[in-house]
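The values are calculated or read from the model by the stated rules, or taken from the named source; none is laboratory data. Bear in mind the structure is a predicted one, so any value in this text is a computation, not a measurement. Here the Cβ is made from the backbone with ideal geometry for all residues, glycine too, and neighbour counts use every protein chain on show.
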Amino acid sequence: MAGDIIIEAVIHNGAVEITASYPEFAIIDAGFDEPFRRGLLENYEANAQRDVNRDCILSIKAKVAGSQVVKGIFELYKVVRAHSGILICANYGVVPLSETNS
């Protein structure tokens with residue numbers, strides 16, 4: 001399941017920009033949260049060590065979300081704050097359930 005989670009990071013305008021995506025079925029897997037959380041933290045830590053500010057922009061590109069995603073975001077928030085940075089979540093617009101059933 002961890003192979004279905006794609007997390008990439010780049011430096012953009014001096015901040016760490018992380019993009020995370022996963023297929024819809026991945027979110028219901030009990031083993032989703034640990035690789036998702038670890039991927040977010042490892043990508044941030046690897047890039048925050050560079051000579052950039054410690055801010056982070058997280059872009060989640062997925063149709064569904066759940067508590068595992070929120071837990072991962074919160075863990076990333078704690079690490080970013082420990083580095084005196086700001087976490088901004090972008091593109092966290094999940095498609096409403098009514099639209100996924102059509």
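Brief remarks follow.
- Checked across region 18-25, the condition of being among the aromatic types (Phe, Trp, Tyr) and either loosely packed, with under 12 Cβ neighbours inside 10 Å or closer than 23 Å to Ile86 by Cα (or both) holds for at least one residue.
- Residue within region 63-86 that is at pLDDT 90 or above and assigned to a strand (DSSP E or B) present: no
- Residue, nearest to the chain's Cα centre (by Cα), within region 5-37, restricted to residues that are of a type in the set (S, T, N, Q) and not in a loop (DSSP other than H, G, I, E, B): Thr19
- Filter result for Ser98 (at pLDDT below 95, more than 14 Å from the chain's Cα centre (by Cα), surrounded by fewer than 15 Cβ atoms within 10 Å (Cβ to Cβ) and not aliphatic (A, V, I, L, M)): yes
- Positions within region 1-25 being farther than 25 Å from Asp55 by Cβ and modelled with pLDDT of 85 or more, in sequence order: Asp4, Pro23
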